[in-house]
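The values are calculated or read from the model by the stated rules, or taken from the named source; none is laboratory data. Keep in mind that what you see is a predicted model, and the values were worked out from it rather than measured. Positions of Cβ are backbone-derived with ideal geometry, glycine not excepted, and every protein chain shown enters the neighbour counts. Just the protein is used for accessible areas: all its heavy atoms, side chains included, with ligands, DNA and RNA removed. Shrake-Rupley method; radii C 1.70, N 1.55, O 1.52, S 1.80 Å.
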Amino acid sequence: MDGGQPALTLVLALTLGVVAQSAARHLHLPGIVVLLLAGAALGPDGLGWVNPRVLGEGLYTIVDLAVAVILFEGGLNLEISRLRREQKPIRRLVTLGALVTLLGGAVAVRVLLHWDWVPALLFGGLVVVTGPTVIGPLVHDLRLRPRVARVLEAEGVLIDPIGAILAVLLLGVAMAPDPDALASGARAPIVALSFGALAGALAGFALAGLLRVRRLVPEGHANIFVLAAVLLLFEGCSQIVPHSGLLAVTLAGVVVGNLRTRVDRDLREFKDQITVLLIGLLFVLLAADVRLEDVRALGWQGLAVVGALVLVVRPVNVALSTAASELSLRERVLIGWLAPRGIVAAAVAAITAAALERRGLQAEAASLRALVFLTIAGTVLLAGLTGRPVASLLRLRLPGRETVAILGAQGLGLVLAEELREGGTPVVFLDSNPHNCRRAEERGFQVVFGDALQERTLLRARFEAVGAAVGATPNQMLNSVFANRARELFRVPKCYVAAERPEAGLAPELVRREEAEVLFEGPHDAERWDVRSRQGQIDVERWVFRGVERDESAADGEAAEPPKPGERMVFVAIRRGRRMLPVSASFEPQKGDVVAIAIHRPEREEAHAVLRELGWEEQETEAAA
């Protein structure tokens, strides 16, 4: 296949990027590792199908604009409210830590590879970044404790634009090393960062304000409107103050992500998808642009530089940045161990190498590009392969998935939560109704306020520790979608859906695929039970199953149909052994089972008669409002 056609190269890189990331998920490997291998295999040193050089200067335009969108998406998912307690170590990691990495990386290259100081400092600037595209999936997969996860995620988002600006400005100084240029270079980072921060914050507030006004942006156009605005912000800021666009789009994403808009969920989903597309495209193109002989030419010294970054520079960086913080020693050790580099390092390295080549420094450009990609591959592989055992050894992974997340802090959801909590099972509620949230909080439950269909809300509820997701609202469709997203986004092993009519909506499809179970012993009118709960008409009683005595006098095949519970009672939770679990429609009672049953108080006598006929014996009674 001819890789010399620009259009074909671009389309192949796009397709291969998506396929490689899909394969990485199936293989449970870091996506970047598969992308790097794919780019090398199809590049000029492999099959020759992808040749980035045929794109000319257009390659770097694509890189610039793609990085802008990726940084905006990273900022969009950074929740400020979760960072307040750890703001001191985060602030130091992206300032003092960046300086330590810059100087440490430069010294490592100078000592081990004997580079001149100018390219050594360029390399140090390029490896300052970590990156949300690698840190985010890693933290999610490792299921780290909240404080460590917050620090790593925030550092990854905020240090990307700072590191990119630093590297590009160092390049500018290196290209014109006279006293005036050095003085300008000292001022340039401050000007770029200040202007970028101001422009990004203002643009973020303006963009969020526009999205809040109904019908101003036509329905269905919000995503493309935001995409166009982000690209315009990036290029406009870069034209006014060179290199300020990177920080501007990042902060704009942070502002928009933390201000509620009517298109928040759709915007996040769109940006997630386009980011996956762009990351795949960039990594395939940039990996194909690296020559294997350049990587081999680095020899063992190149690997030693990567080792120095991991074993010396990063630990020193974290030790200084987190000194006198609330982070424990174990947390600081893990943060010091996890610092994989991502797409921004690769993109800025490509731009820097291209600038060196234009100045006739082909050898320096090739070595710089090769060393950065070796650093990316080495740090990602190390973090991906050792992150889990190191986090386990330090006891910083969340315990087993024991938490039950209940959508709907009302009615039968509250009854279920009380029983689960009494059985020792941790419960978290999700609800967008302030009254429901306040009611659940007064009963001592953890409550996450927000739209439970949004990934950011599920992240706040720490769904990586959730073992069962329960949709208990009167809205059967909402319950089904909630269960579906819990399984798809966080691989929650058990899902339950309250359903009045199981044959309608998504519930039967989820049950058929064995991805969810109908909550309680069968369909119930959750809205009716919610009204009963508010009126204080529910009693919660515990009954023990003793078994049904068979009527020997009945002829074969003439056994009476067992009575139905109807809406006079609901089987809520069952205790088997030491665990208390939600009851589902597939529930088959066994002798000795203890079940918590919500009974409509006015129909209590009828309910008791039905239960005894079904083989149940009352154990104790407990009133519940």
Legend entry - Summed side-chain charge close to LEU246 - residues other than LEU246 whose Cβ falls under 10 Å, Lys, Arg +1, Asp, Glu -1: -2
Inset, instruction - Quick one: which residues, 5 or more positions from SER432 or on another chain, have an amide H under 5 Å from its amide H? H modelled 1.01 Å from N in the peptide plane, none for Pro or chain starts. - result: GLY450
Inset, instruction - With the full set of protein chains in place, find how many percent of the accessible area of the chain is carbon and sulfur; take the probe as 1.4 Å. - result: 58
Legend entry - In Hz, Karplus ³J(HN,Hα) per residue of segment 198-209 (6.51, -1.76, 1.60; θ = phi - 60°; x = Gly, Pro): 5, 5, x, 5, 4, 5, x, 5, 5, 5, 5, x
Inset, instruction - Provide the per residue accessible area, probe 1.4 Å, for the chain, rounded to a whole number of square angstrom. - result: 44
Legend entry - On Cα atoms only, tilt of 58-76 relative to the major axis of the chain in degrees: 40
Legend entry - Interchain or long-range residues, amide H under 5 Å from VAL572's placed H: ALA596, ILE597, ALA598
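When Lys and Arg each count +1 and Asp and Glu each count -1, what net charge do the other residues less than 14 Å away from THR386, Cβ to Cβ, add up to?
+2
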Legend entry - Part-to-part distance (alpha-carbon centres) for segment 322-395 and segment 52-76, which is given in Å: 19
Inset, instruction - Answer with a single label: of [x] 1.07; [y] 0.99; [z] 1.02, which was calculated as Rg/Rh (Cα atoms, Kirkwood Rh) from the structure in view? - result: [x]
Inset, instruction - Give the angle, between 0 and 90 degrees and rounded to the nearest 10, that separates the Cα long axis of helix 343-358 from the longest principal axis of the Cα atoms of the chain. - result: 10
Legend entry - Long-range HN-HN contacts of GLY48 with modeled amide H, under 5 Å: GLY43
Inset, instruction - Taking the chain as the reference, fit the longest principal axis to its C-alpha atoms, fit the long axis of helix 264-288 to the helix C-alpha atoms, and give the angle between the two in degrees, 0 to 90, nearest 10. - result: 40
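Could you work out the helix-only [θ] at 222 nm for the chain, with each DSSP H run of four or more residues adding -39,500 (n - 2.57) and the total divided by the number of residues, to the nearest 500 deg cm²/dmol? Kindly include the intermediate steps, with their values, before the conclusion.
Details: 24 runs with 370 residues, N = 625.
About -19500 deg cm²/dmol.
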Legend entry - Computed over the chain: relative contact order in percent, which uses C-alpha pairs under 8 Å that are six or more apart: 14
